[in-house]
1. Could you go through the stretch 68-78 and let me know if any residue there is free of Cβ contacts under 8 Å to residues at least 60 places away in the same chain and under 23 Å from residue 154 (Cα atoms).
2. I want to confirm something. Restricting to the stretch 54-100 and keeping residues that are assigned to a strand (DSSP E or B) and hydroxyl-bearing (Ser, Thr, Tyr), which single residue is farthest from residue 26 (Cα to Cα)?
3. For residue 89, indicate whether it is at pLDDT 95 or above, surrounded by 19 or more Cβ atoms within 10 Å (Cβ to Cβ) and out of contact with any helix residue (DSSP H, G or I) (no Cβ under 9 Å at 6 or more places or on another chain).
4. Just name the residue that is surrounded by the fewest Cβ atoms within 10 Å (Cβ to Cβ) out of those in the stretch 93-123 that are touching a Ser or Thr at 6+ places or on another chain (Cβ under 6 Å) and closer than 18 Å to residue 23 by Cα.
5. Considering only residues of the stretch 28-52 that are in contact with a Ser or Thr (Cβ under 9 Å, 6 or more places away or on another chain) and of a type outside the set (A, V, I, L, M, F, W, C), which is surrounded by the most Cβ atoms within 10 Å (Cβ to Cβ)?
6. Can you tell me which of 31, 44 is within 18 Å of the chain's Cα centre (by Cα), more than 30 Å from residue 123 (Cα to Cα), part of a loop (DSSP other than H, G, I, E, B) and touching a residue at least 12 places away in the same chain (Cβ under 8 Å)?
Amino acid sequence: CRSLSKNIDVIYQYILDYNHIFTAMTETWLNPLDKMTITMLESNGHTLIHRPRQNSKRGGGIGILFRKNIKIHSTKEIICTSNCEALLTSFTYNNTHITIIIIYRPPDNNYTDFILDFTDIMHNNSNLKNLIIVGDFNIHFDSDYSYHNKFKRLCTELNILQHIDFPT
């Protein structure tokens, strides 16, 4: 979203218009002092789970906005050696236990390290049913670079389906 605070009006309207079970966001640019943005997002019956970027670089941050009536079981930050940002959250919807992993890989992040981290994340969570993986990997699936192809092969091996087939 390239800054929740800066784009709060558009994002708030989106949430009102669509009322999804959850909305996952990368590049939130939130910090712990952004109370006004968080209050506005949560004011209409939602709960925001977010992790600001841990280093001093500008940008980053990930978050998931849930409807308040969704039972959230657990949230844990996933530590990445490649400096990507990842968060795992488990919740129940319509009596179904679901786990969502949101991942953000900054564009200047090393591809090889990210692929190793992504592999570890998937193997460490391979026992989970109803797993949804969302985020911004900054890997263009329509490109033919070797590291993009390596990531596409990894997704195929792990039975991960890419649902977005256009640039975002």
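1. yes
2. Step one: filter the stretch 54-100 for residues assigned to a strand (DSSP E or B), giving 62-67, 71-78, 85-93, 96-100.
Now narrow it down to the ones that are hydroxyl-bearing (Ser, Thr, Tyr): 74-75, 89-90, 92-93, 96, 99.
Values: 74: 20, 75: 16, 89: 15, 90: 18, 92: 22, 93: 23, 96: 25, 99: 17 Å.
Step by step, filter the stretch 54-100, then rank; the result is 96.
3. The answer is yes for residue 89.
4. Looking at the filtered set, the residue picked out is 99.
5. That would be 28.
6. Values: 44 fails: within 18 Å of the chain's Cα centre (by Cα).
When all the criteria are applied, what remains is 31.
Yes/no per residue for (1) within 13 Å of the chain's Cα centre (by Cα); (2) farther than 22 Å from residue 3 by Cα:
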position	(1), (2)
63	yes, no
106	yes, no
114	no, yes
123	no, yes
129	no, yes
139	no, no
146	no, yes
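The values are calculated or read from the model by the stated rules, or taken from the named source; none is laboratory data. All of these numbers come straight from a predicted model, not from anything done at the bench. We place every Cβ from the backbone using ideal geometry, glycine too, and count neighbours over all the protein chains shown.
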